[in-house]
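To keep things clear, I will list the structure first and then write my remarks on it.
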Amino acid sequence: MEANLALLIPLFPVIAFLLLIFGRKAFCKKMAAAVGVAATFASFALSTWVLVAGETITWKVPWLQIGNQTVSLSIEIGSLQMLMLFIVSVVSMLVHLYSYGYMKHDDRIQVFYAYLALFTFSMFSLVMSSNLLWIYIFWELVGVCSFLLIGFWYFKPEARDAARKAFVVTRIGDVGFFIAICLAFWHAGSFEVSDLQAVVESGQLTPGLITLLAVLIFVGAIGKSGQFPLHTWLPNAMEGPTPVSALIHAATMVAAGVYLVANLFFLFQASPFAMDLVAYVGGFTAIFAATIGLAQYDIKRVLAYSTVSQLGYMMLALGSAGYVAGVFHLFTHAFFKALLFLGAGAVIVLLSHEQDIRKMGGLWKSHRQLGIWFLAGCLSIAGIPPFSGFFSKDEILLSTYLDGRIDLFVIGIIAAFFTAFYMFRLFFMVFAGEARGPKADSKVPVVMMVPIVILGLFSVFSGFANASPMHLLTAWLSKGNDYTAATGHAPVWLPVLVVTVSLVGIGLAYLYFGSRKWSTSKVVQTVPRLHKLVFNKYYVDELYHYAFVLPAKGIGWFLYGVDRFVVGGLAYLTAWIAQFIGRIGSRIQNGQAQTYALVSVIGFVLLIVGLTAGRFLK
Amino acid sequence: MVVTSYLALSAILFSIGLYGVLTKRNAVIVLFCIELMLNAANINFVAFSKFGLFPDLAGHIFTLFTITIAAAEAALGIAILIALYRHVETAEADQFKSLKG
């Protein structure tokens, strides 16, 4: 009974999708929004119910028969999946609501809602599936939705390019994931996650194979979660509408990589090398993206690099055996990053689609309420108690510390400092001082403000889900697994250190951008090269352009030449020969009956001469 | 051999006819030349029916047939020519070139 009800969770969005995509002409804008919000609200209600009920739900039907193997469509909703369903449904519902305000003037809002509903469906299904093949199908489907939504304003060339880039770059990761799935099926004989777990835990697979599987799956996660070196698509993805950035590129889809690693954590735990890889890639991404975030001027780009950095934190936590810490940060990050994106979207709408933070300012005075909630988001991501980010970041750093990787711990602390600095740089530039660009006269519509407030409340309070001394989330997530064995007690100085570092970051940001006592131009002048390097995102995009895109284009041109001149030339030659013969034939057909007669006579004479000569030759 | 002179006459007549068919521009003359060629064949028939290895009346009968058919053919040919003339306003054989590819 319960299983059947849980199955309805992805059903509502898919119904909404079908209604909206086929009835996009029939629905008015308000109706389209109402359908989307109603569907996601229904899913939200069910997800909450499943979360509160808290019982693992399994469901399985056979799907394909391949030889002796049966591939089934199976669902298993454990603690992690319930939490993910809850996050996705909450954020999706609020984003659906918010989009009505943000996309009010767009003529294709019905299609927009259809895509959002399709995404929500795919994301729910991705989380619920416990079969690698199905996970992969929905993994690709969320990728398609991401592509469609980034390129939603397809008439902008940047949006088109960004959509294509996102699609191609994530595909690189997906190939890794796909190979991993094939290998898993080959060696474990099943696509089921539970079967794979049983095989791994019984030691039937060689350590090398386990490492290979884990690394390949992590490659998929790198692509999806924007980890270095496949992070380049995520900042470009900001060309999509802001609600999309909040839902897909901050809260849910990009967290799918983290979810995948968490879901297959047994595999990673069985391979020390994979754990090292996850931790170091995560740690490096965290600090790498944070430094880029320091020098960006587009409000959404800053948030995008911040997302990359925070996803790096989650990977760092998972790689440091901090299963709960990573999932916990996924949970809190979904709320405060969605809040920040929705807040940024509100700012963008207020300033008539201005995204350059150098042209913003003074919003604190005119839009106090928005400012307060945005500040809540910033404090949360900066890790100031009692906001949610504090608890989760603290746990990540704690697990890194307990894992004994001091280098990564130091990187985490520095990244925390940068995080606080760039977030408050953003905050002060947007809200403090005087207006430096377009004036914000209008008010934020209620339909946009409500989701911001709800997410704000989540950002403030969701941290208590795993606050000491209760550790509710730890108890919740450790049901039925032993992933939390590594947790220990925090040294007292650790949270103090984290908070101090963050406060220093905020203070510096205030001096530079709030009170403007210090000037950033001096810093730029002292280290011009470094600034240029960071400002240009370490030239990773350019590097890829020259290392991969241009050679690929070169091969493309070469093959085009081969096709055009060699293959095409042969085809043309054949046609030309046939035409030539035809032309000769038509020249002979001159319509003069007397000529034909002459030719016949000549032929007859030749025949006679030939026959006569033949007789003599005998 | 007596038959040789008949055959020579027939060959000369045929060649004149063939020459006319191949070279004359007027379609009526072309038609006449075809008659010449037919008559050359008739002379052959008659000559072989009298001086051939197995002389009998079959050659004569064939000749009578041929003359009849040639008359019909001439009537038909002239009729077609007149129709053609009405259509293209000329009797020049090289102007009838609608078969040109």
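The values are calculated or read from the model by the stated rules, or taken from the named source; none is laboratory data. None of the values given here were measured: they were computed from a predicted structure. Positions of Cβ are generated from backbone atoms using ideal geometry, with glycine treated the same way; all protein chains shown enter the neighbour counts. These accessible areas exclude ligands, DNA and RNA; they are computed on the full protein's heavy atoms, side chains included. Shrake-Rupley method; radii C 1.70, N 1.55, O 1.52, S 1.80 Å.
Could you tell me whether any residue of the range A:70-81 is at pLDDT 85 or above, open to solvent by 70 Å² or more (accessible area, probe 1.4 Å) and in a helix (DSSP H, G or I)? No, because not a single residue in the range A:70-81 is at pLDDT 85 or above, open to solvent by 70 Å² or more (accessible area, probe 1.4 Å) and in a helix (DSSP H, G or I). Filtering the range A:351-383 to residues that are in contact (Cβ under 8 Å) with a residue 40 or more places away in the chain, in a helix (DSSP H, G or I) and touching a Phe, Trp or Tyr at 6+ places or on another chain (Cβ under 6 Å) leaves A:Ile357, A:Arg358, A:Leu363, A:Trp364, A:Gly371, A:Gly377, A:Cys378, A:Ser380, A:Ile381. With respect to the stated conditions, A:Arg368 is farther than 24 Å from A:Ser245 by Cβ and either surrounded by 24 or more Cβ atoms within 10 Å (Cβ to Cβ) or charged (D, E, K, R) (or both).
Screening A:Leu196 with (1) assigned to a loop (DSSP other than H, G, I, E, B); (2) open to solvent by less than 10 Å² (accessible area, probe 1.4 Å); (3) aliphatic (A, V, I, L, M) gives one miss only, at (1). Residue count for the range A:245-303, restricted to those that are within 28 Å of A:Ala321 (Cβ to Cβ), outside any helix (DSSP H, G or I) and open to solvent by 20 Å² or more (accessible area, probe 1.4 Å): 1.
Restricting attention to the range A:545-555, does a residue exist that is within 14 Å of another protein chain (Cβ to nearest Cβ), without any contact (Cβ under 8 Å) to a residue 60 or more places away in the chain and not aromatic (Phe, Trp, Tyr)? Taking every residue of the range A:545-555 in turn, none turns out to be within 14 Å of another protein chain (Cβ to nearest Cβ), without any contact (Cβ under 8 Å) to a residue 60 or more places away in the chain and not aromatic (Phe, Trp, Tyr). Being open to solvent by 70 Å² or more (accessible area, probe 1.4 Å), out of contact with any strand residue (DSSP E or B) (no Cβ under 6 Å at 6 or more places or on another chain) and without any contact (Cβ under 8 Å) to a residue 12 or more places away in the chain is the filter here; which residues of the range A:39-69 pass it? Passing the criteria: A:Val52, A:Gln65, A:Ile66, A:Asn68. Within the range A:518-537, identify whether any single residue is in a loop (DSSP other than H, G, I, E, B), over 24 Å from A:Thr285 (Cβ atoms), assigned by TED's automatic domain parsing to the domain that holds A:Tyr305 and open to solvent by 50 Å² or more (accessible area, probe 1.4 Å), and answer yes or no. Yes.
When the range A:503-517 is filtered for residues that are surrounded by 13 or more Cβ atoms within 10 Å (Cβ to Cβ) and not in a helix (DSSP H, G or I), only A:Arg516 remains. Here A:Asn236 meets each of (1) in a helix (DSSP H, G or I); (2) on the phi > 0 side of the Ramachandran plot with one exception, condition (2). For the range A:593-606, the criterion of a residue being on the phi < 0 side of the Ramachandran plot and more than 14 Å from every other protein chain (Cβ to nearest Cβ) is satisfied by at least one position.
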